[in-house]
Amino acid sequence: MLNRTADNVARATPEPLAKKIRGISDKGLAWLFISPTILLLLAINIFPLFWAIYLSFTNYRANRPNEVVKNLGLSNYQRILGDQDIWIAMQTTAHFVFWTILLQTVIGFTLAWLIDRKFRGHAFWTTIILVPMMLSPAVVGNFWRFLYEPQIGLFSYVISFVTGIPPTNVQMLSNVELAPWAIIIVDTWMWTPYVMLICLAGLRSIPEYIYEAAEVDRASNWRQFWSITLPMALPFIMLAVLFRGIENFKMFDMVNLLTGGGPGSTTEVASITLKRQAFESWRTGYSSAFAIILFVAVFGLANIYVKALNKVKQR
Amino acid sequence: MKSTLKLALGLASAISASTAVSNVAHAEDLTLCWAAWDPANALVELSKDFTKETGIGMKFEFVPWTNYADRFLNELNSHGKLCDLIIGDSQWIGGAAENGHYVKLNDFFDKEKISMDDFVPATVVGYSEWPKNTPNYWALPAMGDVVGWTYRKDWFSKPELQKEFKEKYGWDLAPPTTFDQLKQIAEFFQKRQIDGKTVYGASIYTERGSEGITMGAMDVLYSYGFQYENPKKPYEMEGFVNSEKSVKGLEFYKSLYDCCTPPGASNSYMGEGVDAFKSGQVAMHMNFAFTWPGLQKDENVGGDKIGYFVNPKGPDGDQFAQLGGQGISVVSYSDKQESALKYIKWFANKDVQAKWWSLGGYSCLNSVVKDPKFPSSQPYAQAFLDSMAIVKDFWAEPSYAPLLQASQKRFHDYVVAGQGSPKDALDGLVKDWTQVFQDDGKM
């Protein structure tokens, strides 16, 4: 059927055009195929990036379209770098990134290691563990907001049952100390399976004969873990850390749904601050400068990390 | 063959004719944009009369409150033609006027003999004028609204509670007239068992994302002596925004939040407040008056069980309330401005305004609210009237958005998160607002 259609198209193509097509080189053909994608990327990625860079040097405000746009030079950047609130938001972001990565890596790797033992029913448990990752962040956010509810939430009742604290005193989202942890718990619950999957791929890629050789050398299980399992799985773990790090640096949906940045500004991560400046205060130029700073920070850190990852892989 | 051709031609002409007719009919359809809430439903009902009278169809674009400002300010900023008429928030008026989003209505009002003197003065200043207190009108007052309070009349009237309250505080348990009294009542009900259920003192605004905590805190701060600026020198805020009285007001709001709100009420605004009251969680409930008709009709907490009172007095006897509500404007990018103006003319009509009130909307027309029958027309009518007489509004400057975001942050940081002192919060607010006005070249 496909061949017949292709024949029909070939027959219907005018001879001069057919000659031209036949004359296209492989490189030309490759460009022909990827050009729509490149155009799309230019339109929706590259152009907005350059436009944002331009806006970051101006006082443009999207809600004041009639106002004269002035060039401010570097003053937006200067203001952001001297703004205490921005630095607090960056610290909050770093706190989230650190703890979510640490917990997800430790738990994710442990789960992967356990699943790799191939115990009875391991496939079933793998599927169960993967469920949170399959859910939409909007669903997860709302679901956990109810779980954390101090009057009717299951989470509060479980904590109350274990600790004896009255459930209404377990105010995960209203308490300054607990709110950041409430988000870390949800993010860890949702994304640990993702880290587990990558680690599992790493563990499964270790050839069995290495362990057999270690057995022959009478290496203990602990020794095998430190000398074989962990070093060989390390590039995969580092890859998982890279993906989760980039994702969590720009974490928005979960924070927005659970706390909206509150109580106060306790959970106001950089992306929430950016959204507030851009779409609530309408400081378009200022927020563009902030977005560029964030972009450079993530891009720079990710590059340094990738270099380290390559070194580990080459060992 | 011929008959088939005739039939086909006939059908084609019929289809094209019907399309043309329908195009003509729809050419006059107006789209009105507003928030999705109870009064909007009442307006749909009311507008059917307009269509009957003029033949102009009405379409409605209602957006939930959480997206209302984003959605419609984007629409206006992008010069969109979606809305022919818009009921925009009172704070938008400055920006909408200066950016040319709304049609100036002075000439139209003169021509149609619509006088702003016929409307409640506070609503004219709040919803229609820019610059404030000048006769430049950009909207017709459409929906009067103000922050007030509801309370559980049935709980207040329980003899055993009345007795206990009197013994404890030395005055009769009744709707409070001062903030001190309000707090005493809230403390009295906090964590009390009523009908086998734990109840709490009061639901107040604490929402962080849009404007909630600002509307709530301001409601208290005004009566404590807060002023936006030096009345003699515009934009001079030092000593007014962060005056000693303002500090005490903010301190009070935090103490009310700490002592007497339900657990987890750290992000509560209109919807959450209604839920807390309807579910029988709280004895008192701060909210805009638009919620009152719905609560009055509620089977569990409405009818004889609910009472209304005006925002109480501050320590020096000052009494103000936060203005809500909106005016209706013609969007300058609309191609149907003439029809939209017809709607405004119709809406300003005395009888239409009377029906608007009866359907659950809050009329701002003097002839409606000053009618001798008005106070007894609904159980909440008197509280609404008294509240509208004492209103104050947030900045309506073109830069209201960053001004609002600054107050949201400063208030939430102090009241809910407990960071710093009330003085720090208000000093910070002066700093933020000064920066906004400096960016605007106003300072």
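The values are calculated or read from the model by the stated rules, or taken from the named source; none is laboratory data. Every value quoted in this text rests on a predicted model; they were computed, and no experiment measured them. When we count neighbours, we look across all protein chains shown, and the Cβ atoms used for this are built from the backbone with ideal geometry, even at glycine. Note: areas computed on protein heavy atoms with side chains; ligands, DNA, RNA excluded. Shrake-Rupley method; radii C 1.70, N 1.55, O 1.52, S 1.80 Å.
Things worth noting here:
- Qualifying residues in segment B:170-201 (those that are of a type in the set (Gly, Ala, Ser) and under 23 Å from B:ASP316 (Cα atoms)) - the one surrounded by the fewest Cβ atoms within 10 Å (Cβ to Cβ): B:GLY170
- Filter pass, B:ALA97 being hydrophobic (A, V, I, L, M, F, W, C) and free of Cβ contacts under 8 Å to residues at least 40 places away in the same chain: no
- Applying a threshold of 6 Å to beta carbon distances and a minimum spacing of six or more residues, or different chains, the list of pairs starting in segment A:72-100 at a residue that is within 14 Å of chain B (Cβ to nearest Cβ) and more than 19 Å from B:ARG410 (Cβ to Cβ) and ending at one that is part of a loop (DSSP other than H, G, I, E, B) and open to solvent by less than 50 Å² (accessible area, probe 1.4 Å) reads A:LEU72/A:ASN59; A:ASN76/A:SER56.
- Odd one out for B:ILE344, checked against (1) within 14 Å of chain A (Cβ to nearest Cβ); (2) under 30 Å from B:THR31 (Cα atoms): (1)
- Residue list for segment A:148-181, filter: aliphatic (A, V, I, L, M), surrounded by fewer than 22 Cβ atoms within 10 Å (Cβ to Cβ) and under 24 Å from the mean Cα position of the chain (by Cα): A:LEU178
- Qualifying residue in segment B:101-110 (condition: closer than 23 Å to B:TYR269 by Cβ and within 14 Å of chain A (Cβ to nearest Cβ)): no
- Options B:LYS392, B:LYS370, B:LYS336, B:LYS345; residue that is farther than 28 Å from B:LEU82 by Cα, touching a residue at least 24 places away in the same chain (Cβ under 8 Å) and open to solvent by 30 Å² or more (accessible area, probe 1.4 Å): B:LYS392
- Within segment B:391-419, considering residues that are over 20 Å from B:PHE252 (Cα atoms) and of a type in the set (Phe, Trp, Tyr), the one farthest from the other protein chains (Cβ to nearest Cβ): B:TRP395
- Within segment B:254-268, being part of a helix (DSSP H, G or I) and within 12 Å of chain A (Cβ to nearest Cβ) holds for B:LYS254, B:TYR257, B:ASP258.
- Within the option set B:LEU385, B:LEU359, being out of contact with any Gly (no Cβ under 7 Å at 6 or more places or on another chain), in contact (Cβ under 8 Å) with a residue 60 or more places away in the chain and not basic (Lys, Arg) holds for one residue only, B:LEU359.
- Tally, over segment A:61-71, of residues that are within 11 Å of chain B (Cβ to nearest Cβ) and surrounded by 13 or more Cβ atoms within 10 Å (Cβ to Cβ): 6
Results for (1) polar (S, T, N, Q); (2) touching a helix residue (DSSP H, G or I) at 6+ places or on another chain (Cβ under 9 Å), shown as yes or no for each residue.
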site: B:ASP29; (1), (2): no, yes
site: B:PRO39; (1), (2): no, yes
site: B:VAL44; (1), (2): no, no
site: B:GLU53; (1), (2): no, yes
site: B:GLY57; (1), (2): no, yes
site: B:TRP65; (1), (2): no, yes
site: B:CYS83; (1), (2): no, yes
site: B:GLU98; (1), (2): no, no
site: B:ASN106; (1), (2): yes, no
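- In summary, A:THR58 fulfils each of the numbered conditions (1) open to solvent by 50 Å² or more (accessible area, probe 1.4 Å); (2) within 13 Å of another protein chain (Cβ to nearest Cβ); (3) in contact with a strand residue (DSSP E or B) (Cβ under 8 Å, 6 or more places away or on another chain) with the single exception of condition (1).
- Total residues in segment B:37-70, condition under 16 Å from the mean Cα position of the chain (by Cα) and either open to solvent by 50 Å² or more (accessible area, probe 1.4 Å) or on the phi > 0 side of the Ramachandran plot (or both): 7
- Residues in segment B:72-88 that are open to solvent by 20 Å² or more (accessible area, probe 1.4 Å) and away from chain A (no Cβ under 11 Å) were compared, and the one that is nearest to B:GLN405 (Cα to Cα) is B:GLU75.
- Checked against (1) outside any helix (DSSP H, G or I); (2) closer than 20 Å to A:PRO235 by Cα, A:PHE119 passes all but condition (2).
- Considering residues of segment B:269-299 that are farther than 18 Å from B:TYR253 by Cα, in contact with a helix residue (DSSP H, G or I) (Cβ under 6 Å, 6 or more places away or on another chain) and among the aliphatic types (A, V, I, L, M) only, the residue nearest to the other protein chains (Cβ to nearest Cβ): B:VAL274
- Some residue of segment B:216-227 being free of Cβ contacts under 8 Å to residues at least 40 places away in the same chain and open to solvent by 10 Å² or more (accessible area, probe 1.4 Å): yes
- Residue selected from segment A:266-294 under the condition under 20 Å from B:VAL416 (Cβ atoms) and of a type in the set (D, E, K, R), by the criterion farthest from the other protein chains (Cβ to nearest Cβ): A:LYS275
- Contact annotation: residue pairs with Cβ atoms under 8 Å, 6 or more positions apart or on different chains, pairing a residue in segment A:101-125 that is closer than 21 Å to A:GLU247 by Cβ with a partner that is of a type in the set (Phe, Trp, Tyr), are A:GLN104/A:TRP191; A:GLN104/A:TYR194; A:GLY108/A:TYR194.
- Residue in segment A:107-125 that is of a type in the set (Phe, Trp, Tyr), under 24 Å from A:SER205 (Cβ atoms) and at pLDDT 95 or above present: yes
- Which listed residue is open to solvent by 10 Å² or more (accessible area, probe 1.4 Å), small (Gly, Ala, Ser) and modelled with pLDDT under 95, from B:SER421, B:SER358, B:SER399: B:SER358
- Per the conditions (1) within 14 Å of another protein chain (Cβ to nearest Cβ); (2) surrounded by 20 or more Cβ atoms within 10 Å (Cβ to Cβ), the sole criterion not satisfied by A:PHE252 is (2).
- In the set A:VAL186, A:VAL195, A:VAL158, only one residue is free of Cβ contacts under 8 Å to residues at least 24 places away in the same chain and more than 12 Å from chain B (Cβ to nearest Cβ); that residue is A:VAL158.
- Hey, A:PHE98 within 24 Å of the chain's Cα centre (by Cα) and either surrounded by fewer than 20 Cβ atoms within 10 Å (Cβ to Cβ) or not in a helix (DSSP H, G or I) (or both) or not: yes
- Any hit, segment B:186-201, residues being charged (D, E, K, R), assigned to a helix (DSSP H, G or I) and within 13 Å of B:SER407 (Cβ to Cβ): no
- Filter result (over 20 Å from the mean Cα position of the chain (by Cα), charged (D, E, K, R) and modelled with pLDDT of 90 or more) within segment A:261-315: A:ARG276, A:ARG283
- Of the helices (runs of 4 or more DSSP H) lying entirely inside segment A:216-315, those containing at least 3 residues that are touching a residue at least 60 places away in the same chain (Cβ under 8 Å) span A:230-249, A:253-258, A:270-275, A:284-314.
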